[in-house]
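Since the structure comes first, as structure tokens, the remarks are kept for the end.
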Amino acid sequence: MTKLELLPAVDVRDGQAVRLVHGESGSETSYGDPLAAALAWQGAGAEWLHLVDLDAAFGTGDNRARIAEVARTMDIKVELSGGIRDDDTLAAALATGCTRVNLGTAALETPEWVAKVIAEHGDRIAVGLDVRGTTLRGRGWTRDGGDLYETLARLDSEGCARYVVTDIAKDGTLQGPNLELLANVCAATDRPVVASGGVSSLDDLRAIASLVPQGVEGAIVGKALYAKAFTLEEALEAVSR
Ligand SMILES: O=C(O)c1ccccc1NCC(=O)[C@H](O)[C@H](O)COP(=O)(O)O
């Protein structure tokens with residue numbers, strides 16, 4: 001059976017690696033230097049890094065130089081997220097050498113542009129479907145942006161390669177992933193799905209791994225690693241079989 005990919009997260013705010021609760025600005029706990037965090041995950045055996053520019057996502061500036069430094073330093077695959085909404089921000093993100101970017105707000109507000117860049121860049125573009133219930137949220141998860149399943153159908157028809165699915169109510173809470181949401185999204189699309197938000201234990205990772213046959217490809221893990229609920233080595237071992 002294909003194993004679940006794990007993507008440890010480094011979310012950057014004001015130059016620091018942080019964790020948020022429900023993705024809310026102001027709920028930060030700081031974990032220091034983002035490059036040190038990223039190198040620690042790489043050293044522990046990660047094959048992927050999920051790297052987020054939270055200031056760019058919230059519109060409170062950006063950490064572009066810091067993010068580029070981290071992405072360029074990594075020997076592993078990097079998924080870059082946060083504030084990638086137009087030609088300039090996309091070009092800067094892709095120029096870091098990241099494996100793929102994750103578009104969120106743009107998929108809700110400028111669908112024609114997203115269709116164009118999906119056609120141009122194929123597998124290097126993923127779309128983040130960040131939801132409360134089945135309502136999508138954009139602009140750093142602060143504004144409603146339409147229905148999950150209608151948007152998914154549109155993006156599928158435009159050839160979107162993969163989706164990063166986050167239940168905002170779970171994100172940063174250590175309350176477990178929303179397995180029902182993940183299964184429902186997998187049932188609605190034949191594209192791979194990366195699960196994000198709420199992982200608290202190795203059992204949560206095993207539960208997400210049980211959805212691999214349905215289309216879940218990976219899981220982003222943030223708070224649980226920073227809170228030392230388990231180590232990345234233990235997580236990789238738990239999903240290796
Ligand atoms: O990814 C974004 O663009 C983003 C925008 C605004 C707030 C948060 C955002 N991302 C957060 C993440 O991707 C988390 O790192 C990830 O969901 C991990 O969650 P958890 O394991 O619950 O800490």
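Observations on the structure shown:
- Peptide packing for 69-78, 47-56 was compared via the average number of neighbouring C-beta atoms within 10 Å per residue; ordered from the highest value, the list is 47-56, 69-78.
- Only one residue of His50, Tyr31, Leu4 has its Cα farthest out toward the positive end of the dipole of segment 1-65, where Lys and Arg carry +1 and Asp and Glu -1 on Cβ, and that residue is Leu4.
- Protein heavy-atom surface of the chain, 1.4 angstrom probe: 48% of the accessible area is carbon and sulfur, with nucleic acids and ligands not counted.
- Here is the tail figure for the chain: Cα pairs spaced more than 32 Å apart come to 10 percent of all pairs.
- Solvent-accessible area per residue for the chain (1.4 angstrom probe, square angstrom): 40 Å²
- Alpha carbon centroid spacing (whole Å) that separates segment 73-104 from segment 168-241: 22 Å
- Temperature 10 °C, viscosity 1.306 mPa s: under these conditions the Stokes-Einstein estimate for segment 147-241, based on its Kirkwood radius over C-alpha pairs, is 117 µm² per second.
- Relative protection proxy for 122-128, 146-152, 21-27, from highest mean packing down: 122-128, 146-152, 21-27 (other beta-carbon atoms within 10 angstrom).
- Charges were assigned to the Cβ only: +1 to each Lys and Arg, -1 to each Asp and Glu. The resulting dipole of the chain about its Cα centre is roughly 220 debye.
- Estimated FRET transfer efficiency when R0 is 30 angstrom, pair Glu120-Arg206 (beta carbons, to 0.05): 0.20
- In a fully extended conformation the segment linking Glu47 and Ala153 would gain 35.2 nm over its present Cα-Cα distance, using 0.36 nm per residue.
- Backbone N under 16 Å from the Gln175 label point (7 Å along Cα→Cβ), restricted to segment 115-145: 131-135
- Ile118 sits among other residues whose Cβ lies under 12 Å from its own Cβ, and their net charge, with Lys and Arg +1 and Asp and Glu -1, is +1.
- Segment 45-145: translational diffusion in µm²/s, Stokes-Einstein, Kirkwood Rh over Cα pairs, 25 °C, 0.890 mPa s: 179 µm²/s
- Given R0 = 30 Å, the distance between the Cβ atoms of Asp87 and Thr2 translates into a calculated FRET efficiency of 0.30.
- Accessible area, probe 1.4 Å, largest first, for residues Lys116, Lys228: Lys228, Lys116
- Only DSSP H runs of four or more residues enter the estimate; each adds -39500 (n - 2.57), and after division by the residues of the chain the mean residue ellipticity at 222 nm equals -10000 deg cm²/dmol.
The values are calculated or read from the model by the stated rules, or taken from the named source; none is laboratory data. Here the structure is a predicted model, which is why all the values come from computation and not from measurement. Positions of Cβ are backbone-derived with ideal geometry, glycine not excepted, and every protein chain shown enters the neighbour counts. Quick note on the areas: whole protein, heavy atoms, side chains included, nothing else; ligands and nucleic acids left out. Shrake-Rupley method; radii C 1.70, N 1.55, O 1.52, S 1.80 Å.
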